[in-house]
Amino acid sequence: MEYKIVFSDIDGTLLNRDRALSPGTIDAIKKLKNRIPFILISARMPAAMRHLQAELEIEELPIISYNGGLVLVNNKVKSSTEIPLEIVEGLAKWNNSLNTHLSLYNNDEWYVPEMDYWAMREQNNTKVTPVIKPNVKVIEDWKTSEKGAHKIMAMGDISNIEKIISFLENNYPGELHLYRSKDTYLEIAPKSISKYTAVEFLLKEHFKLSPAQAIAFGDNYNDVDMLKKIGYGVAVGNAREEARNVANVVCEHSIEDGVAKILTKIFHE
């Protein structure tokens, strides 16, 4: 098969131990320019992806953010799926007694209730500065503008994260994806979307290609569906077992430039 496009997760897949792009990764991706589109696909917000696009000199290419909840082409929204505001409000009210950090996201908006340990950690990881605003105020504003959340990020003690999972599963069954990227992190997204649904949409509507013509790289639970259904799924060596099991091949670890080495093998040799 002659592959025509590449999709890659970011955290745990493309970045090195400093959570940055290595020179080898940058070089391998730049060599694809004008031949093979290299699309970033992440749970991140768009603003946390654009600096990576700039380093790779692929700013003109689409972005898939929020695990497929938002697809941007030329910085214009082509597909958007939000968590209904009533679910956001229900979780925020229930969380008043728990007081676990809830970050609320819509497109390039990121709101945190306070600049605590969790907000500072995410700011350092993503190079984006959040707006400090209580959850209740964000929800009031979104009611006026008729918005929902592209993502909710709950961050806190392991026991509190487990309580949030139980609350959401019991009160909104079948409505949400709950991705536990770490024991202390819970990414909440609409059930109707995934990275693969966004890949399918972009391939059909923008690139006019089939999934069989695509390569995808990933490492985590939210990459499993994409790695399983894409033409050539590649799990990095540090990927979770669930991702490695469905991939066509397992490459070297992210911190060992695994993505760059596979790209070189497929396209540059």
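Which residues, counting only those in the range 179-227, are within 14 Å of Leu70 (Cβ to Cβ) and in a helix (DSSP H, G or I)?
Lys195, Thr197, Ala198, Val199, Phe201, Leu202 - these are the residues of the range 179-227 that are within 14 Å of Leu70 (Cβ to Cβ) and in a helix (DSSP H, G or I).
Looking at Glu187, Glu169 in this structure, which one is surrounded by 16 or more Cβ atoms within 10 Å (Cβ to Cβ) and charged (D, E, K, R)?
Glu187
Among the residues of the range 59-88, count how many are β-branched (Val, Ile, Thr), assigned to a strand (DSSP E or B) and in contact with a His (Cβ under 9 Å, 6 or more places away or on another chain).
Final tally of qualifying residues: 3.
Which of the following residues is more than 15 Å from Asp9 (Cβ to Cβ) and not acidic (Asp, Glu): Ala212, Ala198, Ala216?
Ala212
Do the conditions hold for Ala243, that is, is it among the hydrophobic types (A, V, I, L, M, F, W, C) and surrounded by fewer than 17 Cβ atoms within 10 Å (Cβ to Cβ)?
No, not satisfied.
Being outside the structural domain of Asp27 (by TED's automatic domain parsing) and either without any contact (Cβ under 8 Å) to a residue 40 or more places away in the chain or in a strand (DSSP E or B) (or both) is the requirement here; does Ala92 meet it?
It is false that Ala92 is outside the structural domain of Asp27 (by TED's automatic domain parsing) and either without any contact (Cβ under 8 Å) to a residue 40 or more places away in the chain or in a strand (DSSP E or B) (or both).
Only residues that are buried (at least 18 other Cβ atoms within 10 Å of the Cβ) and free of Cβ contacts under 8 Å to residues at least 60 places away in the same chain: list them for the range 62-85, please.
Ile63, Leu72
Just the residues that are of a type outside the set (Val, Ile, Thr) and either closer than 20 Å to Arg44 by Cα or touching a Lys or Arg at 6+ places or on another chain (Cβ under 9 Å) (or both), please, taken from the range 173-185.
Of everything in the range 173-185, those that are of a type outside the set (Val, Ile, Thr) and either closer than 20 Å to Arg44 by Cα or touching a Lys or Arg at 6+ places or on another chain (Cβ under 9 Å) (or both) turn out to be Gly174, Glu175, Leu176, His177, Leu178, Tyr179, Arg180, Ser181, Lys182, Asp183, Tyr185.
In the range 29-45, how many residues are touching a residue at least 60 places away in the same chain (Cβ under 8 Å) and surrounded by fewer than 22 Cβ atoms within 10 Å (Cβ to Cβ)?
Qualifying residue count, the range 29-45: 5.
If you take the residues in the range 215-269 that are among the aromatic types (Phe, Trp, Tyr) and under 24 Å from Arg180 (Cβ atoms), which one is modelled with the highest pLDDT?
Taking the candidates together, the pick is Phe217.
Mind listing just one residue for me: the one in the range 115-161 that is touching a Pro at 6+ places or on another chain (Cβ under 7 Å) and in a helix (DSSP H, G or I) and, of those, surrounded by the fewest Cβ atoms within 10 Å (Cβ to Cβ)?
Only one residue tops the list, namely Gln123.
Quick test of your reading of the structure: His206 fulfils all but one of (1) closer than 25 Å to Asn106 by Cβ; (2) touching a helix residue (DSSP H, G or I) at 6+ places or on another chain (Cβ under 7 Å). Name the failing condition by number.
(2)
Which of the residues that make up the range 239-269 are in contact with a helix residue (DSSP H, G or I) (Cβ under 6 Å, 6 or more places away or on another chain) and in a loop (DSSP other than H, G, I, E, B)?
Ala247, Cys251, Glu252, Asp257
The values are calculated or read from the model by the stated rules, or taken from the named source; none is laboratory data. Predicted model only: the values in this text are computed from it and were never measured. As a convention, Cβ positions derive from the backbone with ideal geometry for all residues, glycine included, and neighbour counts pool all protein chains shown.
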